[in-house]
């Protein structure tokens, strides 16, 4: 992934006040690290991941999906209910960030 496209993506998330975190996983599963439960949550992961927190069927979700399509080249993306809140409809997307060489 080119640095300029990644910077544009993060800039857009910041300007739109969409919550996100960037984490390096080295041998952790999504269940261990993020506390999610779902498909592929027990696979051990290695790499850099960004987690994005949005409300389902909201304008912020539309902006997020648009930013992914425009700035990230076909990333590996996973969608889970947000494990950090009890509210219905809150989602967490996890995106794997890769180098151009990968």
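Run the helix sum for the chain: -39,500 (n - 2.57) per DSSP H stretch of 4+ residues, divided by residue count, reported at 222 nm to the nearest 500 deg cm²/dmol. Walk me through the numbers on the way to the answer.
Details: 3 runs with 31 residues, N = 102.
Result for the chain, helices only: -9000 deg cm²/dmol.
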Report task. Would you kindly compute the Cα radius of gyration of region 1-57 and its largest Cα-Cα separation (Dmax), both in Å? Result -> 13.2, 33
**Report entry** Of every Cα-Cα pair in the chain, the percent that sits beyond 20 Å
**Finding:** 36
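Here, each number is a calculation from the coordinates, and none is a lab measurement. Given the structure is predicted, the values throughout are model-derived calculations rather than measurements.
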